[in-house]
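Please read the structure below before turning to the comments.
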Amino acid sequence: TTASFTTTGTYVLRLTATDGALSATDNVSIVVRPANTAPVVNAGRDLTNTLPSQVTLRGTVTDDGLPNPPAATTVTWSKVSGPGTVSFGNVNVTNTWASFSTSGSYVLRLTATDGTLSASDDVIILVQTTNTAPVVNAGRDLTNTLSSQVTLQGTVTDDGLPNPPAATTVTWSKVS
């Protein structure tokens with residue numbers, strides 16, 4: 001026959017046989033342990049960073065201690081996507097740093113395994129370039145006659161930062 005259990009613990013089951021006049025018994029102990037579950041992984045909160053600095057990754061991993069005997073829970077950071085390369089301080093610890101070769105949106109993954117089951121979680125890192133001042137060119141110097149208009153042909157180029165970008169404003173003023 002079979003037996004199933006709904007709660008962990010130690011159970012003692014008895015088998016009894018009788019021939020009508022005499023009977024005999026024997027006991028068996030059954031230890032019911034919880035089922036192994038995958039580690040619980042959290043890669044931390046999404047971050048925004050500005051080149052060329054690095055970000056601190058703060059992941060967490062918890063495990064149920066199974067299978068028994070427990071294998072050491074191992075962790076690994078990896079790049080899932082992004083436009084450039086990622087360098088990690090130590091890919092095998094939950095708290096480490098990462099630096100990026102170029103700006104863009106990166107997805108990094110923290111994976112943990114207990115020797116049998118694995119789980120992972122992703123974090124998004126938005127890497128921006130450093131905000132620089134707009135590039136302003138007032139145009140070429142001009143000569144004009146009194147009482148006539150002059151057309152000013154200035155140009156302004158902006159890098160779109162900070163993010164979200166504020167509207168770039170332009171103002172002409174008399175200096176001298």
Subject >> Looking only at segment 21-41, and only at residues there that are touching a strand residue (DSSP E or B) at 6+ places or on another chain (Cβ under 6 Å) and crowded, with 16+ Cβ neighbours inside 10 Å, the one that is farthest from T94 (Cα to Cα) >> reply: P39
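So, T62, is that one surrounded by 14 or more Cβ atoms within 10 Å (Cβ to Cβ) and of a type in the set (S, T, Y) or not? Break it down stepwise before answering.
Working: surrounded by 14 or more Cβ atoms within 10 Å (Cβ to Cβ): no; of a type in the set (S, T, Y): yes.
It is false that T62 is surrounded by 14 or more Cβ atoms within 10 Å (Cβ to Cβ) and of a type in the set (S, T, Y).
Which of the residues belonging to segment 72-86 are in contact with a strand residue (DSSP E or B) (Cβ under 8 Å, 6 or more places away or on another chain) and either open to solvent by less than 30 Å² (accessible area, probe 1.4 Å) or not hydroxyl-bearing (S, T, Y) (or both)?
Scanning segment 72-86 gives V75, W77, K79, V80, G82, P83, G84, V86.
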**OP:** Of the conditions (1) surrounded by 14 or more Cβ atoms within 10 Å (Cβ to Cβ); (2) over 30 Å from the mean Cα position of the chain (by Cα); (3) among the polar types (S, T, N, Q), T2 clears all except one; give me its number.
**Re:** (1)
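With at pLDDT below 95, under 15 Å from L126 (Cβ atoms) and assigned to a strand (DSSP E or B) as the only criterion, which of T48, T102 stands out? Working first, answer last.
Values: T102 fails: assigned to a strand (DSSP E or B).
Testing whether each residue is at pLDDT below 95, under 15 Å from L126 (Cβ atoms) and assigned to a strand (DSSP E or B) leaves just T48.
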**OP:** Only residues that are touching an Asp or Glu at 6+ places or on another chain (Cβ under 6 Å) and acidic (D, E): list them for segment 29-86, please.
**Re:** D63
Original post:
Going through segment 119-163 one residue at a time, which ones are surrounded by 10 or more Cβ atoms within 10 Å (Cβ to Cβ), more than 30 Å from T73 (Cα to Cα) and modelled with pLDDT of 90 or more?
Top reply: V127, V135, V136, N137, A138, G139, Q153, G154, T155, V156
Subject >> Sole exception among (1) assigned to a loop (DSSP other than H, G, I, E, B); (2) of a type in the set (A, V, I, L, M, F, W, C); (3) at pLDDT 95 or above for L57, by number >> reply: (1)
Original post:
Of all residues in segment 7-20 being open to solvent by less than 80 Å² (accessible area, probe 1.4 Å) and not polar (S, T, N, Q), which is farthest from the chain's Cα centre (by Cα)?
Top reply: G20
Original post:
Residue check, T111 against (1) part of a loop (DSSP other than H, G, I, E, B); (2) touching a residue at least 24 places away in the same chain (Cβ under 8 Å); (3) β-branched (V, I, T), all met but one. Which one?
Top reply: (1)
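The values are calculated or read from the model by the stated rules, or taken from the named source; none is laboratory data. For clarity, every value in this text was computed on a predicted model and none was experimentally measured. When we count neighbours, we look across all protein chains shown, and the Cβ atoms used for this are built from the backbone with ideal geometry, even at glycine. To get the accessible areas, we keep the full protein, side chains included, count just its heavy atoms, and leave off ligands, DNA and RNA. Shrake-Rupley method; radii C 1.70, N 1.55, O 1.52, S 1.80 Å.
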